[in-house]
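Written below as structure tokens is the structure these notes are about.
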Amino acid sequence: VTSYAFRQNYYFMMGDNRHNSEDSRVWGFVPEDHVVGKAVLVWMSLDPTAPNLWEVVRWRQLFIRVNGV
């Protein structure tokens, strides 16, 4: 295959047991029509480019409701 046209949206999905679940890291991105449910809140938000350890966690973003819910 030399090219591929995406015909629908794809999402990275993470399981509820991060270290023991087979999620998108194992089987790839999920097409939108296969997604069941929706996000309710932001549980954790990290900034990998933070200058120090305290600022890695985006404290103001924790447990924020997702828009459209």
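The values are calculated or read from the model by the stated rules, or taken from the named source; none is laboratory data. Remember, it's a predicted structure, so these values are computed and weren't measured experimentally. Using ideal geometry, Cβ is built from the backbone for each residue, glycine included, and neighbour counts are taken over all protein chains shown. Heavy atoms of the whole protein, side chains included, go into the accessibility calculation; ligands, DNA and RNA do not. Shrake-Rupley method; radii C 1.70, N 1.55, O 1.52, S 1.80 Å.
On the protein heavy atoms, probe 1.4 angstrom, tell me the percent of accessible surface of the stretch 1-51 carried by carbon and sulfur. Please list the in-between numbers first.
Values: 2650 of 4740 Å².
Ligands and nucleic acids excluded, carbon and sulfur reach 56 percent.
Would you mind working out the magnitude of the charge dipole of the chain relative to its Cα centre, with +1 at each Lys and Arg C-beta and -1 at each Asp and Glu C-beta, to the nearest 20 Debye? Don't jump to the answer; show the numbers that get you there.
Working: 7 positive and 7 negative charges, 38 e Å.
With only Lys, Arg, Asp and Glu charged at Cβ, the dipole is about 180 debye.
Taking the simple approach of a point 7 Å from Cα along Cα-to-Cβ for both residue 13 and residue 65, what is their distance in nm?
Once both label points are built, they end up 2.5 nm from each other.
Rounded to whole Å and sorted largest first, what semi-axes of the equivalent ellipsoid does the C-alpha gyration tensor of the chain yield via the square root of 5 times each eigenvalue?
Values: eigenvalues 151, 58, 40 Å².
They are 27, 17, 14 Å, listed largest first.
Would you mind calculating the gained length between residue 26 and residue 5 on full extension (0.36 nm times residue separation, minus the Cα-Cα distance), in nm to one decimal?
Working: separation 21, 0.36 × 21 = 7.56 nm, distance 2.23 nm.
Additional length available on full extension: 5.3 nm.
In deg cm²/dmol and to the nearest 500, what is the mean residue ellipticity at 222 nm of the chain if only DSSP H runs of at least 4 residues count, each as -39500 (n - 2.57), divided by the residue total?
On the way: 1 runs with 4 residues, N = 69.
Value at 222 nm, helices only: -1000 deg cm²/dmol.
Probe of 1.4 angstrom, ligands and nucleic acids ignored: what's the accessible area per residue over the chain, in square angstrom?
Values: 6570 Å² over 69 residues.
Using a 1.4 Å probe on heavy atoms only, each residue of the chain averages 95 Å².
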